[in-house]
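> First the structure, then my questions, so here it is.
The values are calculated or read from the model by the stated rules, or taken from the named source; none is laboratory data. Note that this is a predicted model, so its numbers are computed, not measured. Backbone-built Cβ (ideal geometry, glycine too); neighbour counts: all protein chains shown. The protein model used for the area step is the full one, side chains on, heavy atoms only, and it has no ligands, DNA or RNA in it. Shrake-Rupley method; radii C 1.70, N 1.55, O 1.52, S 1.80 Å.
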Amino acid sequence: MPLLEVKDLGVRFTRREGAPVDAVQGVSFSLEAGRTLGIVGESGSGKSQTVMALLGLLAGNGRVSGTASYRGKNLLTMTEAELNRIRGDRIGMIFQDPMTSLNPFLTIERQMTETLQLHRKMPRREARRRAIETLESVRIPDAARRIGMYPHEFSGGMRQRVMIAMALLSEPEILIADEPTTALDVTVQAQIIELLRELNRERGTAIILITHDMGVVAGLCDDVMVMYAGQTVEQASAAALFAAPTHPYTLGLLNALPRLTDEDDDRPLQTIPGNPPLPGEVGEVGAGCAFAPRCAFCSERCRESRPPLAAAEGYLDALRACHRPVAEIIEAQHA
Ligand SMILES: Nc1ncnc2c1ncn2[C@@H]1O[C@H](COP(=O)(O)OP(=O)(O)OP(=O)(O)O)[C@@H](O)[C@H]1O
Ligand SMILES: [Mg+2]
């Protein structure tokens, strides 16, 4: 049984004016213990709402549908009390901006020990010792002294490490990291990703990493789910996806990635033309493929009917939502 099995997840937001927004539609994935899954896609594609829905953290106007079984129990129908036992304990979460989840008025010690006292009923001294150990494990120098500091006294990179340490305190089985490095400079970014990789290898923590950066996925993830306008457009192992993306959108994301390995490759980076649809623009039943207006492979059929997510013929491992033959997309990569 997978640790986490998500089936046909949907998130719909009602709005005071206009039609409801289907921010996430028909998303399914499973996460085995110790595996790493990357969720990729441009801004607004539904990555964050997917994981927020799992943890019962949607805004008040949001409704979730589908199922999400954690160890066989549906997270989506749990009571707040049941969910609280899992959230922040068995499933840890790191948010994009550390300041949104660190309390600026409390020392790091207070914030860390409170979690342990609450979830684990640990005595104060033991909680403090464990907190220091965890800060050390994410390479915060001089942790025993720094634990007494306030969030603003840390640099951006160090604050992100504190966040990770907080998420790791209870040794969660699953760590969900939503764009954990976007606000950081490239060197710090690489260190944080390395830290996540170690965590996965050494403690066997399963990781869901949300990012818009394919390069980050390449460095960490076993499996990849590519989202566009609230839907999965391609889902495959990272090995398969990087060797041969089968969806035009994935191809576009990969072409927009600088090739660090190939120094004399001076081809200009290709960006995907146009912008993702605005909320509310997609989702009408009967509409075509959401990516069609920006797709170089688009045909009449793509504008008329939405392609379902299905096995990519010849690529056992991959699921794709595209009407065009796989061979055509693969061929274009070598043109
Ligand atoms: N409370 C809300 N009411 C209405 N629409 C919402 C609400 N919260 C999110 N949305 C919409 O849901 C869609 C998906 O948002 P989500 O935050 O999942 O995007 P994302 O892929 O994480 O993007 P980013 O990379 O910018 O973080 C967006 O179009 C967003 O505007
Ligand atoms: Mg997001």
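> If Glu82 satisfies all but one of (1) at pLDDT 90 or above; (2) buried (at least 19 other Cβ atoms within 10 Å of the Cβ), what's the number of the condition it fails?
Among (1) at pLDDT 90 or above; (2) buried (at least 19 other Cβ atoms within 10 Å of the Cβ), Glu82 violates only (2).
Let's see how each residue does on (1) within 16 Å of Gly46 (Cβ to Cβ); (2) modelled with pLDDT of 95 or more; (3) among the small types (Gly, Ala, Ser):
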{"position": "Asp213", "(1), (2), (3)": "no, no, no"}
{"position": "Ala218", "(1), (2), (3)": "no, no, yes"}
{"position": "Met227", "(1), (2), (3)": "yes, yes, no"}
{"position": "Thr232", "(1), (2), (3)": "yes, yes, no"}
{"position": "Tyr249", "(1), (2), (3)": "yes, yes, no"}
{"position": "Leu253", "(1), (2), (3)": "yes, no, no"}
{"position": "Asp266", "(1), (2), (3)": "no, no, no"}
{"position": "Glu284", "(1), (2), (3)": "no, no, no"}
{"position": "Ala287", "(1), (2), (3)": "no, no, yes"}
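> Contact list please: Cβ distance under 8 Å, first residue in the stretch 179-196 and more than 22 Å from Leu37 (Cβ to Cβ), second residue within 16 Å of ligand 1 (Cβ to nearest atom) and among the β-branched types (Val, Ile, Thr), pairs at least six apart or on different chains.
Val188/Thr181
> With a cut-off of at least 2 residues that are open to solvent by 30 Å² or more (accessible area, probe 1.4 Å), name the strands (runs of 3 or more DSSP E) lying wholly within the stretch 1-73.
By residue number, 4-13, 21-31, 62-70.
> Could you say which residue among Ala190, Ala236 is modelled with pLDDT of 90 or more, more than 16 Å from ligand 2 (Cβ to nearest atom) and either hydrophobic (A, V, I, L, M, F, W, C) or buried (at least 19 other Cβ atoms within 10 Å of the Cβ) (or both)?
Just a single option satisfies the conditions, and that option is Ala236.
Conditions tested, residue by residue: (1) part of a helix (DSSP H, G or I); (2) of a type in the set (Asp, Glu); (3) away from ligand 2 (no atom under 16 Å from the Cβ); (4) open to solvent by 40 Å² or more (accessible area, probe 1.4 Å).
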{"position": "Met149", "(1), (2), (3), (4)": "no, no, yes, no"}
{"position": "Arg159", "(1), (2), (3), (4)": "yes, no, yes, yes"}
{"position": "Glu171", "(1), (2), (3), (4)": "no, yes, yes, yes"}
{"position": "Leu175", "(1), (2), (3), (4)": "no, no, yes, no"}
{"position": "Ala183", "(1), (2), (3), (4)": "no, no, no, yes"}
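> Say whether the condition of being in contact (Cβ under 8 Å) with a residue 60 or more places away in the chain and within 13 Å of ligand 1 (Cβ to nearest atom) is met by at least one residue in the stretch 29-37.
no
> Among the residues that make up the stretch 94-110, is at least one of them of a type in the set (S, T, N, Q), more than 26 Å from the chain's Cα centre (by Cα), open to solvent by less than 70 Å² (accessible area, probe 1.4 Å) and at pLDDT 95 or above?
Yes, the stretch 94-110 contains a residue that is of a type in the set (S, T, N, Q), more than 26 Å from the chain's Cα centre (by Cα), open to solvent by less than 70 Å² (accessible area, probe 1.4 Å) and at pLDDT 95 or above.
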